[in-house]
Amino acid sequence: MQKTWLKIEGGSPLNGRISIAGAKNAVLPILAAGILVEQKLKLENVPQLLDTDAMVSALREVGVLVEGSGVKASGGDTLELCMVAQPRRLPSGAHSAARNIRTGVLFLGPMLARFGWAQVCLPGGCQIGARPLDLHIWGLEKLGARVLEKGDRIEAKGRLRGTDISLPFPSVGASENLIMAATLARGTTRLRGVAREPEVADLCRCLRAMGAAIEGEGSTEIIIEGKNSVGLRGATHRLMPDRIEVGSYALALAATGGSLILCDTPPREDLQAFFEQLSLCGVECIEESEKIGEGVRKNTRITRTADLRAVSISTAPHPGFATDLQAQFTAAMCFAASSQGQVVITENVFENRFRHLLELQRMGAKIDLRGRSAYLSPQGTLRGAAVRASDLRASFSLVIAGLAAQGTTTISELHHLDRGYESIEAKLSACGASIRRIEAKKTKATESINTESMAISREPQRTGNSIEKIASIAS
Ligand code: EPZ
């Protein structure tokens, strides 16, 4: 198996343009919506991500036909999918592709709605928390399904009928599952306390294009008139741009300084709370229009206008500060001037979303974790180190730290990063960053070099050149 890591020389400001890809957290539920259609659902602006590929593999496993250039990162960005026959049972045990992707659980709603039967794999608990499915199951049972856990599988049966459901927590995934289930239920479903994330709204727009009767997305109540028919119709849907990618690059800029134009960005209100906090940090985000051929494209210009100021934040469901930007924000705050005193970063959505702190501490960050809050004393800078990614957004927080730190940083376990960020080295290199992906065949020599570089990062930091020497040998 090939060992790969990123090697970053820190200290360069970012200046240039970055194209924003289609939203990962929109494409995954919308791919599941392909189960609802017998004619083709055509998706455009599909991001080339490991998660997209994993979801396509899981869909094919249950019998969904998927074609198009948007698979296996082949450079295209369209997919066409439909389900023309009854779903297939999942292969037994660990061989199922559906075990590799948590959002396979989103097959439950559409499969039940259309076929009166569904079977999904229980997803593994992610590094950021237990991530139970109780709200998904409870809501589907309120719609009339009988749901059973059988080993590592969930099976559901029943003809769905519309009803009123008040979610005790605005779970994004549970909202998406129930919205898709309700599109073909008999009668009206009122979903109260539903997630207001823009990605949920993008799913609703796509379902409406497929003939579903849905209104209220973005508010706390969504009403769905079930169409008790064999399925929805084919449609074409262009995925919304990825607002978390926008926030991630904006925070990289906050840490390094400079000026970026992020191209093809979502409406400002999709990140209102985030932009307000970023403005308090001394980073300006201005929406611009750019003429592209016959059309106009929305861009966002991000500029650090002064020294980075340290600001405290608390994450919350949308429209609050997005939990998916907490790790990146934490990394950026390490580079605020040390004269500013401690800031507090509180994570209210997931119970274990601070795994990046240990790696940032290896780079010299002064952060104490107490319960759900990280108490951070800005240092003005960090020092490069060999660090290890632990989950998707934590990976990007280490990229931010490496870009702004003094010296060389190497980041391993890159599969976490590749799940949700497209062409990261190319995008950052084009804006002046020194960032390279190093691939080394796993041999005895290389392995010892890598192990040694890992060992260094776990002891008091030696000078950067020892990592540089090791990384250069290994590269
Ligand atoms: C979606 O995950 C996103 N993933 C996550 O992004 C995002 O962090 C999260 O929403 C919150 O915005 C996708 O859209 C693919 P939840 P999801 O259900 O649906 C608890 C990323 O980095 N909960 O809103 O799994 C749960 O444990 C990923 O791109 C229950 O208790 O999130 C968590 O504490 C990470 N029971 C909280 O709710 C349930 O049945 C939020 O979970 C479901 C959830």
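The values are calculated or read from the model by the stated rules, or taken from the named source; none is laboratory data. Note that the structure is predicted; figures quoted are calculated from it, not measured. Cβ: placed from backbone, ideal geometry, glycine included. Neighbour counts: every protein chain shown.
If I filter segment 113-136 for residues that are within 16 Å of the ligand (Cβ to nearest atom), more than 19 Å from Glu61 (Cβ to Cβ), touching a Gly at 6+ places or on another chain (Cβ under 9 Å) and not in a loop (DSSP other than H, G, I, E, B), do I get at least one hit?
yes
Looking only at residues in segment 176-201 that are within 10 Å of Pro29 (Cβ to Cβ) and within 11 Å of the ligand (Cβ to nearest atom), which one is farthest from the chain's Cα centre (by Cα)?
My answer is Asn177.
Condition check: within 22 Å of Phe107 (Cβ to Cβ) and at pLDDT 95 or above. Does Leu28 satisfy that?
Yes, satisfied.
For every residue, the table says whether it meets (1) more than 27 Å from Leu417 (Cα to Cα); (2) surrounded by fewer than 19 Cβ atoms within 10 Å (Cβ to Cβ).
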| position | (1), (2) |
| --- | --- |
| Ile30 | no, no |
| Ala33 | no, no |
| Val37 | yes, no |
| Leu41 | yes, no |
| Asn45 | no, no |
| Ala54 | no, no |
| Arg60 | no, yes |
| Gly63 | yes, yes |
| Glu67 | no, yes |
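Of everything in segment 153-175 that's assigned to a loop (DSSP other than H, G, I, E, B) and of a type outside the set (A, V, I, L, M, F, W, C), which residue is nearest to the ligand (Cβ to nearest atom)?
Per the criteria, the residue is Ser171.
Looking only at segment 245-297, which residues are within 20 Å of Gln340 (Cβ to Cβ) and not hydrophobic (A, V, I, L, M, F, W, C)?
Within segment 245-297, Thr256, Gly257, Glu276, Gln277, Ser279, Gly282, Glu284 qualify.
So which of Thr303, Thr330 ends up being assigned by TED's automatic domain parsing to the domain that holds Gln277 and touching an Asp or Glu at 6+ places or on another chain (Cβ under 7 Å)? Steps first, please.
Working: Thr330 fails: touching an Asp or Glu at 6+ places or on another chain (Cβ under 7 Å).
Answer to the selection: Thr303.
Among the residues of segment 325-356, write down those that are over 22 Å from Gln406 (Cα atoms) and not in a loop (DSSP other than H, G, I, E, B).
Of everything in segment 325-356, those that are over 22 Å from Gln406 (Cα atoms) and not in a loop (DSSP other than H, G, I, E, B) turn out to be Leu325, Gln326, Val343, Val344, Ile345, Thr346.
When you scan segment 208-249, how many residues do you find that are within 16 Å of the ligand (Cβ to nearest atom) and either in a helix (DSSP H, G or I) or of a type in the set (S, T, N, Q) (or both)?
Total satisfying the criteria: 8.
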